[in-house]
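One structure below.
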Amino acid sequence: MTPSVDNPFFARVWPVFAAHEAESVRVLRRENLAGLSGRVLEIGAGCGTNFAYYPEAVTHVLAVEPEPRLVDKAREAAANAPIPVAVTHETAEEIGDMEPFDAVVCSLVLCSVHDQVGVLRRLHALLRPGGELRYLEHIASAGARGRFQQFVDATFWPRVMGNCHTHRDTERAIIDAGFEVRTSRREWTLPAWAPLPVSELALGRAHRP
Ligand SMILES: C[S@@+](CC[C@H](N)C(=O)[O-])C[C@H]1O[C@@H](n2cnc3c(N)ncnc32)[C@H](O)[C@@H]1O
């Protein structure tokens, strides 16, 4: 059974974080969406922060968001988006079979799903052959930062941050689900010394062969 998503505290703080997001993160959001076209599926849209950054060549976005408070915010953002966006209240696991998409977008979401490889396999099946997975995700860091991530993941962080797990090997899971990673790089969105477990992001493009 698909676990439901009901995070009242996270749903209250996430829109505040998103509204005050660092410019460095916005730049990466734009880059994650640059050059997309056709039909796009976005997973875990949150309050719809990405919608403003989709290029005009995107003809339709289906955005899924399972948290009941955030889905309302995403619908508000969809109404003001420069391209057509439909928002549904469901998890990635619950998306039914439909016409394959040209691209799937994941940003800051694969850290929060319960079964990462299972979700990625489902996304793989929803893409047309040759279709692209675009991702901007927190990933496991090395060394002391990685140990700090393991500590926060085992204690308070997932409980207050909507099941976010900071120490996941997300790019390994993308490959294990059958994607071919074409480009990938890591970025620090805050100074490396800042004591936050989510400063290092992976930005990449992977294809369904
Ligand atoms: C940190 S927020 C990121 C929101 C948005 N993607 C962004 O870039 O601002 C993580 C989002 O993933 C959603 N989420 C959690 N589990 C999910 C699942 N199984 N399927 C789809 N979305 C999920 C949460 O409700 C939340 O909105």
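The values are calculated or read from the model by the stated rules, or taken from the named source; none is laboratory data. Note that the structure is a prediction, hence the values are computed from the model and not measured. In this analysis, Cβ positions are derived from the backbone assuming ideal geometry, glycine residues included, and neighbour counts consider all displayed protein chains.
Yes or no, residue by residue, for (1) free of Cβ contacts under 8 Å to residues at least 60 places away in the same chain; (2) closer than 22 Å to Val16 by Cβ:
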residue	(1), (2)
Leu123	no, no
Leu127	no, no
Glu137	no, yes
Arg147	yes, no
Thr183	yes, no
Thr189	no, yes
Pro195	yes, yes
Leu201	no, yes
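Do we have Gly178 as among the small types (Gly, Ala, Ser) and within 14 Å of the ligand (Cβ to nearest atom) here? So Gly178 does not fit the description; no.
All conditions in (1) near the ligand (Cβ under 9 Å from one of its atoms); (2) among the polar types (S, T, N, Q); (3) more than 29 Å from Ala125 (Cβ to Cβ) hold for Thr49, with the sole exception of (3). In the range 1-26, the residues that are in a helix (DSSP H, G or I) and more than 9 Å from the ligand (Cβ to nearest atom) never reach a residue that is modelled with pLDDT of 90 or more and acidic (Asp, Glu) with C-beta atoms less than 6 angstrom apart, at least six apart or across chains.
Looking only at the range 1-58, residues that are exposed (fewer than 12 other Cβ atoms within 10 Å of the Cβ) and among the acidic types (Asp, Glu) come to 2 in all.
Before we move on, is Gly35 on the phi > 0 side of the Ramachandran plot and within 11 Å of the ligand (Cβ to nearest atom)? For Gly35, the condition - on the phi > 0 side of the Ramachandran plot and within 11 Å of the ligand (Cβ to nearest atom) - is not met.
Screening Leu133 with (1) buried (at least 23 other Cβ atoms within 10 Å of the Cβ); (2) within 13 Å of the ligand (Cβ to nearest atom) gives one miss only, at (2). Trp157 meets the conditions (1) among the aromatic types (Phe, Trp, Tyr); (2) more than 16 Å from the ligand (Cβ to nearest atom); (3) in contact with a Pro (Cβ under 8 Å, 6 or more places away or on another chain) in every case but one. The failed one is (2).
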